[in-house]
Amino acid sequence: MTEIFKMPDIGEGMAEGDITSWLVKVGDTITADDPVAEVQNDKLIQEILSPYTGQVTKLFVDAGTTVEVGDPLIEFDGDSSGENNLDNSQVSQSSISSNVVETENSTPQNTIINENNAVQVANGRVLAMPSVRHLAYEKNIDLTKVPATGRHGHVTLADVENFQELDSSASTQPKMSTTSQHEPSVAAYEKNESAPVLREGRQPMTPVRKAIAKAMDTQVAIPTVTNFDSVDVRKLVDHRNAFKEIARDDKGLRLTYLAYAVKALAAVAKKFPELNASVDMKAQEIVYHDDVNMGIAVDSPAGLFVPVIKNADRKSIFTIAQEITDLAESVRDGSITSNQMQGGTITISNLGSARGTWFTPIINGKEVAILGLGSILKEPIVNDDGELAVGRNMKLSLTYDHRLIDGMLGQSALNYLKQLLSDPAYMLMEV
Amino acid sequence: MVVGAQAREIDTVVIGSGPGGYVAAIRAADLGKKVVIIERDNIGGVCLNIGCIPLKALINVGHRYREATEETPFGLITSGATLDWQQTQNWKQNKVVHTLTSGVEMLLKKHHVEIVKGEAVFNDNETVNVLQEDGHELLQFNNAIIATGSRPIEIPTIPFGGRIVDSTGALAFTEIPKKLIIIGGGVIGSEIGGAYANLGAQVTIIEGLDHTLNGFDSEMTKPVLDDFKAHGGVIVTSAIAKKATQTDTEVTLVYEADGKEQSITGDYLLVAVGRRANTDGLGLNNTDIKVDSKGLIIKDDTMRTSVPHIYAIGDIVAGPQLAHKASFEGKIAAAAIAEDAQARDLHYSLPSVAYTQYELATTGETPDSVKVNHLDAKISKFPFVGNGRAISMDQAVGFVRLISDKSSNALIGAQVVGPAASDLISELSLAIENGLTTKDISLTIHPHPTLGEAIMDAAELADGLPIHI
Ligand SMILES: Cc1cc2nc3c(=O)[nH]c(=O)nc-3n(C[C@H](O)[C@H](O)[C@H](O)COP(=O)(O)OP(=O)(O)OC[C@H]3O[C@@H](n4cnc5c(N)ncnc54)[C@H](O)[C@@H]3O)c2cc1C
């Protein structure tokens, strides 16, 4: 009996998806619940499972094709058993691991990114130059965990920098265009001792790249303004220094500046509800959100992901730090679910850990504001006594939707954010 | 000058101006701190005034004297060479030591480090009292770095004085001893003994252990000891010094060896049995700084003591008493105070050198440590007899020895015995710190003819493709 397996609704209201690869071919005999294809949906790759047992007699589309829900996928010759299993359980979350992306079109020299090739020599040391070891220490990274791409298994500066980007949930809009399985990051090009591999010609976009490109495309029409500012965070630096060891020793977590920034921005979103809203042009309405759900842009070898910390305004900085770590980890190991990336009301993007200063973040989804965090730089400042001193200036870039937010409001919100970041004691009083 | 009870507020005070202290002070100043350095004696500490530098000056004179007075195989005859010892001492003191110490003083000023003369004693965790001849000055600090170094250990039954001297005395002899007795065959005793042997003294070393030059294995020390003995030197190992008596012209040491009491008479006795950390008298009992049973200050790898804003570096903390270790630690402490990224000791290898007749140098793992720690390592050794430059210098003695990780071929240790070992060891430390493999070394072009080629040859040997052996 011939059965046609049609593209199922794989959830989250998705109307279409890319068949990134077939896991079966014509002639294969499969049983119900066997995975048959991988489908790319809004940055997630999911496996779809067969509702039927039988022999595959036809594949309707080639890998790489976009299909809509209900389109025919596979023709079976079988006993139609298991047909009733066609429900959501047949879509299993699979990792966005590099091998998945590889199956499509990766070249062999790019395949080691997720493998830890760091060589540990007999006496337990890692092959890495002193500057690399210091950078790793500075970024609180265990060198033995950093995938090594250098000669003879050396961990390079770029390896540590890239690892940090994953680890700290740090991410940047600009990097989106350069970090993928096929295009090593800018840092890797600049810092890698070996000559970069030049690739002339055309390369298909990876599924994740496509998803990012599509999401960004829809943002181009939004009239945005970006306010740049800088705040002296010496007190914050002291505060973090005082608590990072406690965080590590007592709770085993990494206390980053990002966690403070999330908390502070959440307070800003509470005080300035326009920043925690959406614009509905069709209805000519402003949609205010009650909850402050903070998207955190996270870079991964596969591309940019924006998992969400729900109710960030109601969580402690320690909790936020823990969630950032967990979410970044999920992005890295590919276990992130689309649920974890939905419902964001405002976003934060961190270029600081990549030593970036100011940049122009692009608004995410239906939100109206995004904060870009830059490095904390040692710079001359004039202190309260009118003397020249060494300040610790954190660079801030706030991009907002000018349809809803005007310059004065944008700057007022930024000023409040600066106030919170400049003194953790003040943050304690306000949030 | 009594400044009064009002303490002057200073951001960072550094106590001691040796290679640990002055380096820390300059680095901290450059990283934006207002720094005061306190020194009770001479700027430059032990190393510049009475240690590394003046001793190396005398060792150099010893080499040159020996060259001038010994027959050479290449036929150079300098008949009637004599040495004006007074001039040697003046040169060492005025040209060498003074040039360097005044240079350091200049550097400190140039980097806006204020020098306060006097002896520092801690009042509490925040203030230090600087005792001066005619008064005292109270300094209140936000951060402090202790770098007070060490001093020679005295054997109670053999007190210093007269013809019984410490290393400082031995460097300042007004005449070259005819018969010099040295208790302690460590690096300092052996270096001083070697220098005076070259200058014509008959030197006897009395050592408590069963070997001298602890820290270097017997394969390394053999050429040094052979040469020392060939030049009339005597080494008595497993010998315990008991007591010493002296007259106006000579000193007699009684020691126990081979189960019997023996004695030896010379015109001077140098006691070089180690150095004690200068932590007593610092008023540490007024602070919460913890010391271990040997009086060494306990610190973490950012050089921080049990009082978080007080740091300790150099001879007063654990580890070998070496000037370059003190300086390295000084930079870490300064970075830690300035919250700089380099604020942690992440080094893989600490080189150590003995300036004996043939220099001994080691860095990283040794054959012994490989054995003790059961490391999967490969050892390759290239002798200087196969090195063109060494032969042309008539110094074809010793070897370069590489210890590399068996699976990755990364260099993890190295030793050099022979000409310029003290300089050659730097390349090897660089290789270890940077994770170079023996291949990396053998693929690096070394100029010819140089002693450094022996390193390339040893690396090729490790790779299984030697040319010169
Ligand atoms: C003869 C000899 C040869 C040596 N040769 C070598 C060598 O070739 N290579 C090598 O690496 N090392 C060598 N060393 C060891 C080296 O000198 C020391 O490791 C090094 O000097 C330690 O540096 P430091 O900064 O810890 O202290 P030091 O150099 O000892 O300086 C400490 C300073 O602190 C001052 N001070 C102490 N207490 C106080 C106080 N309460 N208040 C104010 N000031 C105080 C002292 O006066 C001194 O100037 C040699 C040592 C000796 C004795």
Original post:
Can you find even one residue in region B:384-399 that is open to solvent by less than 20 Å² (accessible area, probe 1.4 Å), over 27 Å from residue B:195 (Cβ atoms) and more than 16 Å from the ligand (Cβ to nearest atom)?
Top reply: no
**OP:** With the checklist (1) in contact with a Pro (Cβ under 6 Å, 6 or more places away or on another chain); (2) in a loop (DSSP other than H, G, I, E, B) in hand, flag the one item residue B:326 doesn't pass.
**Re:** (2)
**OP:** Select from region B:128-143 the residues that are within 9 Å of the ligand (Cβ to nearest atom) and crowded, with 20+ Cβ neighbours inside 10 Å and write down the one among them that is nearest to residue B:288 (Cα to Cα).
**Re:** B:128
Original post:
Filtering region B:328-350 down to residues that are surrounded by fewer than 21 Cβ atoms within 10 Å (Cβ to Cβ) and within 22 Å of the chain's Cα centre (by Cα), which residue is nearest to the other protein chains (Cβ to nearest Cβ)?
Top reply: B:346
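Quick check: anything in region B:158-165 within 15 Å of the ligand (Cβ to nearest atom) and open to solvent by 30 Å² or more (accessible area, probe 1.4 Å)?
yes
Report whether or not residue A:136 is assigned to a loop (DSSP other than H, G, I, E, B), at pLDDT 50 or above and within 14 Å of chain B (Cβ to nearest Cβ).
no
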Original post:
Can residue B:323 be described as within 26 Å of residue A:132 (Cα to Cα) and near the ligand (Cβ under 9 Å from one of its atoms)?
Top reply: yes
**OP:** Could you please find all residues in region B:329-354 being in a helix (DSSP H, G or I), within 16 Å of the ligand (Cβ to nearest atom) and touching a residue at least 40 places away in the same chain (Cβ under 8 Å)?
**Re:** B:329, B:330, B:331, B:333, B:334
Original post:
Of all residues in region B:342-372 being of a type in the set (A, V, I, L, M, F, W, C) and closer than 17 Å to residue B:311 by Cβ, which is modelled with the lowest pLDDT?
Top reply: B:343
Original post:
For region B:34-57, how many residues meet the condition of being surrounded by 21 or more Cβ atoms within 10 Å (Cβ to Cβ) and closer than 27 Å to residue A:379 by Cβ?
Top reply: 2
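Here is a yes/no grid of residues against (1) small (Gly, Ala, Ser); (2) within 14 Å of chain A (Cβ to nearest Cβ); (3) within 30 Å of residue B:291 (Cβ to Cβ); (4) within 11 Å of the ligand (Cβ to nearest atom):
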position	(1), (2), (3), (4)
B:87	no, no, no, no
B:98	no, no, no, no
B:107	no, no, no, no
B:116	no, no, yes, yes
B:120	yes, no, yes, yes
B:126	no, no, yes, no
B:149	yes, no, yes, yes
Original post:
Can you tell me which residues in region B:77-95 are surrounded by 11 or more Cβ atoms within 10 Å (Cβ to Cβ) and over 19 Å from residue B:196 (Cα atoms)?
Top reply: B:95
**OP:** Go through B:8, B:66 for me and flag whichever is in contact with an Asp or Glu (Cβ under 9 Å, 6 or more places away or on another chain) and surrounded by 15 or more Cβ atoms within 10 Å (Cβ to Cβ).
**Re:** B:8
**OP:** Check whether at least one residue in region B:47-64 is free of Cβ contacts under 8 Å to residues at least 24 places away in the same chain, within 14 Å of the ligand (Cβ to nearest atom) and farther than 30 Å from residue B:306 by Cβ, and report yes or no.
**Re:** yes
Original post:
If you go through region B:400-428, how many residues are surrounded by 20 or more Cβ atoms within 10 Å (Cβ to Cβ) and in contact with a Phe, Trp or Tyr (Cβ under 9 Å, 6 or more places away or on another chain)?
Top reply: 10
**OP:** Search region B:259-279 for residues being of a type outside the set (S, T, N, Q), more than 16 Å from the ligand (Cβ to nearest atom) and open to solvent by 50 Å² or more (accessible area, probe 1.4 Å), and hand back the single one that is nearest to the other protein chains (Cβ to nearest Cβ).
**Re:** B:259
Original post:
When the residues of region A:141-161 are filtered to those that are within 11 Å of chain B (Cβ to nearest Cβ) and in contact (Cβ under 8 Å) with a residue 40 or more places away in the chain, which remaining residue is most open to solvent (accessible area, probe 1.4 Å)?
Top reply: A:151
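How many residues are without any contact (Cβ under 8 Å) to a residue 12 or more places away in the chain, open to solvent by less than 50 Å² (accessible area, probe 1.4 Å) and part of a loop (DSSP other than H, G, I, E, B) if we restrict to region A:376-413?
Quick first cut of region A:376-413, residues without any contact (Cβ under 8 Å) to a residue 12 or more places away in the chain only: A:380, A:382-389, A:406, A:408.
Next, from what is left, pick out any that are open to solvent by less than 50 Å² (accessible area, probe 1.4 Å): A:383, A:389.
Next, from what is left, pick out any that are part of a loop (DSSP other than H, G, I, E, B): A:383.
Selection size over region A:376-413: 1.
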Original post:
Can you tell me how many residues in region B:296-312 are within 15 Å of residue B:347 (Cα to Cα) and either within 15 Å of the chain's Cα centre (by Cα) or open to solvent by less than 10 Å² (accessible area, probe 1.4 Å) (or both)?
Top reply: 1
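The values are calculated or read from the model by the stated rules, or taken from the named source; none is laboratory data. These numbers were taken from a predicted model, which means no experiment stands behind them. Neighbour counts are summed over all protein chains in view; Cβ atoms, including those assigned to glycine, are modelled from backbone coordinates with ideal geometry. These accessible areas exclude ligands, DNA and RNA; they are computed on the full protein's heavy atoms, side chains included. Shrake-Rupley method; radii C 1.70, N 1.55, O 1.52, S 1.80 Å.
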